[in-house]
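Peer 1: Pasting a structure below so you can have a look.
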Amino acid sequence: MKNQFRTDRLESKPKPRSSSTLLNPCSSSPPPPPPFCRRRRSALFTLPAAARLRAVDLANMLQSKSFVKKTKQGRVVKVVREHYLRDDIPCGAASCSSCDTAARRLGVDAAAILVVDTNVVLHQIDLLENPAIEDVVVLSVVLDEVKNKNLSVYNRIKTLCTNTARRFFVFTNEHHRDTYVKEMVGESPNDRNDRAIRVAARWYQSHLGESAKVMLITNDRDNKRKATEEGLNAETVESYVRSLAQPGLLDLVVVPSSGDVTMEDVEDLRPSKRKVIYSEHKPMSEITSGLRCGIFHQGKLRVNRYNPFEAYVGSESIGDEIIIRGRSNMNRAFDGDIVAVELLPQDQWNESKSFIADDDEDDNEEDVHLVPNSADDAPRNTNSTQSTVESSAASVSSRPVGRIVGIIKRNWNSYCGSLEPMPMPAGSGGVAHALFVSKDRRIPKIRIQTRQLGNLLNKRIVVAVDSWDVLSRYPSGHYVRTIGDIGDKETETEVVLIENDINTRPFSTQVLACLPPLPWSLSPDDLANPNRQDLRHVRVFSVDPPGCRDIDDALHCTPLPNGNFEVGVHIADVTNFVLPGTPLDEEASQRATSVYLVGQRIDMLPKPLTEDVCSLRADVERLAFSVIWEMTPDADIISSRYTKSVIKSCAAMSYVEAQARMDDSRLVDPLTVDLRNLNSLAKIMRNRRCERGALTLASAEVKFEIDSETHDPLDIGIYQIREANQMIEEFMLAANVSVAEKILKHYPLCSLLRRHPSPTKEMLEPLLRTASSVGLNLDVSSSKALADSLDNAKRDDPYFNKLIRILATRCMTQAVYFCSGDLSLSEYYHYGLASALYTHFTSPIRRYADVVVHRLLAAALDIAKLPPVFQDGPQLTGIADNLNYRHRNAQMASRASVELHTLIYFRTRPVDTEARIVKIKANGFIVFVPKFGIEGPIYLTAKGDKGADWVVDEVHQKVTKPGANISYAVLQSVMIHMEVVEPQPHRPKLQLTLL
Amino acid sequence: MEYVNPLTGFRVDGRRPNEMRQLKGEVGVVSRADGSALFEMGNTRVIAAVYGPREVQNRSQQVNSKEALVRCEYRMAEFSTGDRRRKPKGDRRSTEISLVIRQTMEASILTHLMPHSQIDIFVQVLQADGGTRSACINAATLALADAGIPMRDIVTSCSAGYLCSSPLLDLNYIEDSAGGPDVTVGILAKMDKVTLLQMDAKLPMDTFETVMELAIEGCKAIATYIREILLENTKQLEYRRG
Amino acid sequence: MVGLSEGEKHFIRGGIAQDLRADGRTKLQFRPVTVETGVIPQANGSARVRLGATEVIASVKAELGKPTVLHPDKGKVSIYVDCSPTAAPIFEGRGSEDLSAELSVALQRCLLGGKSGAGAAIDLSSLIVLEGKACWDLYIDGLVVSSDGNLLDALAAAIKVALSDTGIPKVNVSLNAETDGEPEVDVSDEEFLQFDTSSVPVIVTLTKVGKHYIVDATSEEESQMSSAVSVSVNRRGQICGLTKRGGAGLDPTVIFDMISVAKHVSQRFISLLDSEIAAAEAVMDE
């Protein structure tokens, strides 16, 4: 925005323009005065071990760039920079004999070497990423321009260039002596850059001579013309792609959108109005001045997932969220864009209801989905959209309403989805215009052109957005690739993974090279390490879900002579194998967490580590990081110590096994005794936690039993929590808290902790409303008060308490990772656990946050040095943000996978079951199905019917049909029928109906 | 911001991380001074003038009459930086740098050969683009040599930093303001002794050693260059003498 | 500075009386002049002038500012001179303040005219960007690097050349409805506003030694002066400023005489400087 760097105006370093003149020459002429800069030593001192002087005594190896810049304070500053020219820059071609061989990237027998210009990179990045395009020279002037214009495309081209498998070479033309171009008087910066590209292309041609054909790829007519005039081979993108004779590639080519008159063919059936549908975005300068004076507000757009024509812009200048309603007010903004908003006049703030009666507002209904686990998952409803006209008095929108006047930063990506069904155009092989519907409801439909409509109609495809102008109802984009058939489990799973930005590519060879030599076994060096305590004699055991192969925690409980217990929690010593800065570490940091889908797990670390080397399996010696407490029988911690260790687990039990052992009173072997001791300690610890105010919220998690052959779900049921689960959980929590205290003490500014912000009054409102409608009074002043209220919420209905807890869960915020230096101590609080400090330490195999905490703890114990990344505050915050982002995505992917399998399960098994009403709406209500852990809408009136028969009572949360004397109240039990229907071909959905 | 381009390995101005900026030095620019020199490191341009040895002006300043009194003043011109400086002298930074230069040069001048006298070193910065401290010391060395004041050894100085995980030699203003560490080293060239070591920001110990060694290499390269200049100057003088 | 002996003083005075000065010049002859422009790339304009051993650097920097309430249609110019201690040890610390102030005031008087801005060498109204809201502030800085007499002439010449080298970036001002907000100023890289320096005056200092006056005195000659008159003359021969220094009194006729001599000498000096400037511009354009 501000601080725009003008493209440089280059001028050569001032040469002395001196002259010595004498007014009246005297007889003895004094020696000519030396000019100011005489001894020009243009030497670039390269210094390997011995300081060598390499004096390249050519004139003009140093240029100086100067340009005028405006600072934030509004001052105008002239900036002068040096610009060195070199003659040791390699060209990167394998066929070149004179340049440095180490830098060879371009192919030996390349048909053509392509030089691309900036707009080609910006607009056709999808095409460039396609493996069919190779041997491309990316000039540094192009890279700089791309970086200034679009950071995400820049990152993509950077990945392409660093990928050794692709033959993309970066040529620093700006610093090469022969290709450096100085700006001419009156030349615009863009012209200068274009000229630089042409000069570089020409240099390449002359440098490589006959051995290769150099081609300039540009869509700019002017540039192409000038290039051909200068004797270069120049082609547009389309003609080049055509020459490759790969028909599939042509689809990837983005057609420039100027003057595309035929776009309307796919429009609605209405007569083509060609009217301007959206208002123009205001120019940038007006936006910045408007922002400064306060007429416009800036913020990030968040589209309501359940109502794509409603969005929120969080604005700091207002301190509240601005609501944007309606297609025209949203003015072509996408979810995630940074936008500038103008507030509507206050009297219009409630009127927007009437705007919803716009055409084409389909799909306002909700789908069947999993029970939300937090407020982020739950559907958002503004106050007035769902209630009928009569109850409008109850909810006056006090939130500001506005409209979007400009987009400051676009957040365009590629999206998964499928094409809207349409008849095949007459005459195959031609270009068809199709509408792409994204799976993510927040994205509007996208218009694309394709030549393979037949192939794409029933497939899941990926489409990227290119532009959206004021005349077109929908944005324009282009096809990127096909994933697979709709409805096919593999395809849908892949869609889930793509949408949630989950990396499923196999680990690269560089990453695998970081693994220790396999098969791994304990070495004498490990034992000899003074920091590592030998605990192989201790009776260590682990309890995990059945079939678990990546065991990252184990416990022991030894009675001490003084009556106390020594309790130890041993965590897999992952940081012994994942060293900071290695490719393995970078990859793990990127992935940030293992993703658990139904029947599938996407690992954060390579399998040999997760399932063998780090996993604390039974009867093998393994390295661990241990937290050891001395506890009284009343679970009071007397002392705690931390050490790296070597353990040998004697048993790897499942929860069922452990529970069975504890319950069987006949068993008195040492292992069972230990289990029982741990269990009693755990119970005391748990009680203490609850007294402090830890919340026990009901989990509605669902488990699938998968058929081993077809991988289809065989059975679906609620996840059972047993005492054994709670026991392990308790000690993991205690370990996490202990470690959090320790690392914070040593590194108060750079510890990675986890916090859970308390829910606000607003978030708890739906819960309070529902509770009060059934006459329940909940005290939400603190977590303890809420926990107590929840405990006391009992009715005759045995399920009541669980239901209330489920409703409470959806009001909670998500817990997040953060860097301790970014927040104050009071903000470290974890609401759900009622703990002042918390972090993640106990699962380094599947969470990168734990790896980070392991490193912090090792440094705190002086076992290892703290890696330099911890010194860099912003980088650490970036890591925490990435962890949160990936964690969130992994959760959403898990849920989506479960929903997908639910659909598959019910496809062949329609079922009747009991359900509970959890929310009343105008035309029906939302029910929760306890047996399957899902919730969904039940419609009392058909879609489209305005529901005039049913009356909603907001206060009592019930809906009644007057006259027929039927009513439904919240938390009431109803019988429903669940079945998979296909309202549109290949678009199955689960439908709930009343019985 | 990428101070070292990850794709090409070049810095913002086209140098490699271990390359210095262009050096330029000239002797005898202020004719009225006993010794003077102009030194440029890239866009940083500095004039140093030496007056002395001469009679002590202010007896109270003289601590040890058996040795020469070395005084130094560092000044920046108002136009030397991008923003115009309102107070070019007397501010704390100038005082500190004056002190630093004085101590560095004092370590090298054979003060016991010139008792009861004072040597004034004045350094004027014409253009500042990072590394002014080093340029001043180098210019002062040249000026002292031009003035014929006996010294133990040539004092040279260079700065180095650590950005984007690589040690960078001879930071310019943009790299200096990046917030990374900045190590300035001054050495006695032939004797291989460090007389000046300053650093700001934080740096882990082993990285610090790498950066400091890089700076010392830079100093040695500058020393070679300075010797060349002095040699050629002497040849010129000899030539003029006939 | 080393003091002069009686013999030397006699020699200087005698030489002047006989129209043969110590370095061979006549009384009205300037030392060789060397002019360079663009020596400070960070400034909008700069110049370096050498008059024999006297060396001065002048730089012009332009910054955006608000015009004064009294003159909402004019920009602002301020001149400031600093004597570097490299020129002479006495300029160390605060020793140069008196001389710097004197030089600054003299230059201001010659170049900027009176309080109302009338008669200024630079057209201040050309510096205005938006009347009453934004204007350019010019900061002219002189730095004396080496001092061998006749600082004022060298500084004035340097300023004249620097001004000719100055380029002020073109500014686009966008107004918005708010009248009391800061106007949005967009700076373009295409310069410039070039000054017409043909009306910028030069200063010629006439130093009276004994009964004669000389032009362009060295510091040795200046030590023998009884008084000095600095006359600022522009190309059209008009006098833009007058300063008399030194203790001895002067007869008015002597002063008139000095002024006419100054006018005569200055014309040559001005044409010399102008040709230098033209040569510099020609080099720039090629």
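The values are calculated or read from the model by the stated rules, or taken from the named source; none is laboratory data. No experiment lies behind these values; they were computed from the predicted model shown. A quick note on method: Cβ atoms are made from the backbone with ideal geometry, for glycine too, and the neighbour counts reach across all protein chains shown. Side chains are part of the model used for accessible areas, which takes the heavy atoms of the whole protein and leaves out ligands, DNA and RNA. Shrake-Rupley method; radii C 1.70, N 1.55, O 1.52, S 1.80 Å.
Peer 1: Please average, across the residues of B:15-21, the number of beta carbons from any other chain that are within 10 Å of each residue's own beta carbon, and give a whole number. Could the numbers behind the result be given before it?
Peer 2: Numbers: counts 7, 6, 1, 4, 8, 5, 6.
Shielding by partners across B:15-21 averages 5.
Peer 1: Now a separate question. Tell me the relative contact order for the stretch B:23-241 as a rounded percent, counting alpha carbon contacts under 8 Å between residues six or more apart.
Peer 2: Details: 475 pairs, mean separation 46.3, N = 219.
It rounds to 21 percent for the stretch B:23-241.
Peer 1: Given the C-alpha centroids of the stretch B:143-179 and the stretch B:62-84, what is the distance between them in whole angstrom?
Peer 2: Value for the Cα centre distance between the two parts: 18 Å.
Peer 1: Further question on the same structure: Counting only heavy atoms of the protein chains, get the accessible area per residue of the protein assembly as shown (1.4 Å probe) and round it to a whole Å² value. Could you put the intermediate results ahead of the total?
Peer 2: On the way: 66270 Å² over 1523 residues.
With all protein chains present, the protein assembly as shown gives 44 Å² per residue.
Peer 1: The stretch A:890-926 to the stretch A:822-887: how many Å between their Cα centroids?
Peer 2: Answer, in whole Å: 36.
Peer 1: Report, to one decimal in Å, the Kirkwood hydrodynamic radius for the stretch A:268-347 based on all distinct Cα pairs.
Peer 2: Numbers: mean 1/r = 0.0724 Å⁻¹.
So the Kirkwood estimate lands at 13.8 Å.
Peer 1: Under the classification rounded if a/c is under 1.5, otherwise prolate if a/b is larger than b/c and oblate if not, where does the stretch B:59-193 fall, given a ≥ b ≥ c as square roots of the Cα gyration tensor eigenvalues? Show your work: numbers first, answer last.
Peer 2: On the way: a/c = 2.48, a/b = 1.50, b/c = 1.66.
Oblate.
Peer 1: Only counting protein heavy atoms at a 1.4 Å probe, give the residues of the stretch B:122-161, ordered by number, whose accessible area falls by 30 Å² or more when the other protein chains are present relative to the chain alone.
Peer 2: At a threshold of 30 Å² (probe 1.4 Å), the residues of the stretch B:122-161 that become less exposed are B:Phe122, B:Gln124, B:Leu126, B:Gln127.
Peer 1: Now, a different point. Treating the stretch C:1-52 as a set of equal point scatterers at the Cα positions, no solvent, please give the Debye-formula log₁₀ I(q)/I(0) at q = 0.21, 0.28 Å⁻¹.
Peer 2: -0.80, -1.02
Peer 1: Compactness ratio of the stretch A:759-812: Cα Rg over 2.2 N^0.38 Å, N = residue count?
Peer 2: Working: Rg = 10.2 Å, N = 54, 2.2 N^0.38 = 10.0 Å.
The value comes to 1.02.
Peer 1: Please report the buried accessible area for the interface of A with C, total over both chains, probe 1.4 Å, in Å² to the nearest 100. Let's see the in-between values first.
Peer 2: Working: alone 48580 and 14430 Å², together 59900 Å².
Chains A and C together bury approximately 3100 Å².
Peer 1: If you wrap a convex hull around the Cα atoms of the stretch A:620-730, how much volume per residue is inside, in Å³?
Peer 2: Values: hull volume 18.9 nm³, N = 111.
Taking the convex hull of the Cα positions in the stretch A:620-730, it is 171 Å³ per residue.
Peer 1: How high is the relative contact order of chain C, in percent, counting Cα pairs under 8 Å that sit 6 or more residues apart? Can you show the working numbers first?
Peer 2: Details: 573 pairs, mean separation 53.2, N = 286.
In percent, rounded to a whole number, it is 19.
Peer 1: Taking the 0 to 90 degree range and rounding to the nearest ten, how far is the long axis of helix B:132-147 tilted relative to the main principal axis of chain B, both from C-alpha atoms?
Peer 2: Long axis of B:132-147 versus the principal axis of chain B: about 30 degrees.
Peer 1: May I ask for the Kirkwood hydrodynamic radius of the protein assembly as shown, worked out over all distinct Cα pairs and given in angstroms to one decimal? Display every interim value, and only then the final one.
Peer 2: Values: mean 1/r = 0.0257 Å⁻¹.
Across the protein assembly as shown, the inverse of the average 1/r is 38.9 Å.
Peer 1: Okay, next question. Run through the stretch C:72-154 and list the trypsin sites (Lys or Arg not before Pro) located in a DSSP loop whose Cβ has at most 11 other Cβ atoms within 10 Å. Walk me through the numbers before you get to the answer.
Peer 2: Working: sites: C:Lys74, C:Lys76, C:Arg94, C:Arg109, C:Lys115, C:Lys133; in loops: C:Lys74, C:Arg94, C:Lys115, C:Lys133.
Filter output for the stretch C:72-154: C:Arg94, C:Lys115.
Peer 1: Another question about this same structure. If one computes the Cα centroid of the stretch A:96-164 and of the stretch A:187-205, what distance in Å separates the two points?
Peer 2: Cα centres, the stretch A:96-164 to the stretch A:187-205: 16 Å.
Peer 1: At 37 °C and a viscosity of 0.692 mPa s, what translational diffusion coefficient does Stokes-Einstein give for the stretch A:105-250, taking Rh as the Kirkwood radius over Cα pairs? Give it in µm²/s as a whole number.
Peer 2: Details: Rh = 15.4 Å.
D = 213 µm²/s.
Peer 1: Can you tell me, using C-alpha contacts under 8 Å and at least 6 residues apart, the relative contact order of the stretch A:105-250 as a whole percent? Before the final figure, lay out each step's value.
Peer 2: Numbers: 194 pairs, mean separation 37.2, N = 146.
This gives 25 percent for the stretch A:105-250.
Peer 1: In addition: Please work out the ratio of the alpha-carbon Rg of the stretch A:904-994 to 2.2 N^0.38 Å and round it to two decimals. Intermediate results must be reported in sequence, preceding the final value.
Peer 2: Details: Rg = 13.9 Å, N = 91, 2.2 N^0.38 = 12.2 Å.
Normalised Rg, Cα atoms only: 1.14.
Peer 1: Still on this model: Taking a temperature of 10 °C and a viscosity of 1.306 mPa s, what whole-number D in µm²/s does Stokes-Einstein yield for the stretch A:429-539 with Rh from Kirkwood over alpha carbon pairs? Could you put the intermediate results ahead of the total?
Peer 2: Working: Rh = 18.7 Å.
Estimated diffusion coefficient is 85 µm²/s.
Peer 1: Take the solvent-accessible surface of the protein heavy atoms, probe 1.4 Å, and return the percent of it on the stretch C:1-90 that carbon and sulfur atoms account for. Present the calculation step by step, with values, prior to reporting the outcome.
Peer 2: Details: 2130 of 3470 Å².
Result for the stretch C:1-90: 61 percent of the exposed heavy-atom area is carbon or sulfur.
Peer 1: When you look at the Cβ of every residue in C:77-87, what mean number of other chain Cβ atoms sits within 10 Å? It would help to have the intermediate numbers written out before the result.
Peer 2: Details: counts 0, 0, 0, 4, 0, 8, 0, 13, 13, 18, 6.
Partner-chain Cβ atoms within 10 Å, mean over residues of C:77-87: 6.
Peer 1: If you don't mind, another one. Kirkwood Rh, Cα Rg: Rg to Rh for chain B? The partial results should precede the final answer.
Peer 2: Details: Rg = 18.2 Å, Rh = 18.5 Å.
Rg/Rh: 0.98.
Peer 1: Mean shadow of the stretch A:770-900, computed from the convex hull of its alpha carbons, in nm²?
Peer 2: Working: hull surface 44.9 nm².
Directional mean of the projected Cα hull area for the stretch A:770-900 stands at 11.2 nm².
Peer 1: In the stretch B:54-80, what residues drop by 30 Å² or more in accessible surface going from the chain by itself to the full protein assembly, probe 1.4 Å?
Peer 2: B:Arg71, B:Glu73, B:Arg75, B:Glu78, B:Phe79
Peer 1: Connecting C-alpha atoms closer than 10 Å in a GNM of chain C, tell me which of C:Asp196, C:Asp23, C:Asp137 has the biggest fluctuation.
Peer 2: With Cα springs under 10 Å in chain C, the top fluctuation among C:Asp196, C:Asp23, C:Asp137 is at C:Asp23.
Peer 1: What average count of beta carbons from other chains do you get within 10 Å of the Cβ of residues in C:143-154? Walk me through the numbers before you get to the answer.
Peer 2: Details: counts 9, 1, 9, 8, 2, 3, 0, 0, 0, 0, 0, 0.
Mean shielding by partner chains, rounded to a whole number: 3.
Peer 1: Could you give the C-alpha radius of gyration of the stretch A:724-821 expressed as a fraction of 2.2 N^0.38 Å, taking N as the number of residues it contains? If you can, show how the numbers build up before the last one.
Peer 2: Values: Rg = 17.2 Å, N = 98, 2.2 N^0.38 = 12.6 Å.
Against the compact-globule rule of thumb, the ratio is 1.37.
Peer 1: In Å², nearest 100, what accessible area do chains B and C bury in total when the solvent probe is 1.4 Å? Provide the component values of the computation, followed by the final result.
Peer 2: Details: alone 12700 and 14430 Å², together 24480 Å².
For B against C, buried area totals roughly 2600 Å².
Peer 1: How long are the three semi-axes of the equivalent ellipsoid of the stretch C:6-285, in whole Å, if each is the root of 5 times an eigenvalue of the C-alpha gyration tensor, listed from largest down?
Peer 2: Details: eigenvalues 282, 69, 61 Å².
Over the Cα atoms of the stretch C:6-285, the ellipsoid semi-axes are 38, 19, 17 Å.
Peer 1: Rg over Rh of the stretch A:860-917, using C-alpha atoms and the Kirkwood radius, what does it come to? Present the calculation step by step, with values, prior to reporting the outcome.
Peer 2: Working: Rg = 21.8 Å, Rh = 15.8 Å.
Here the Rg-to-Rh quotient is 1.38.
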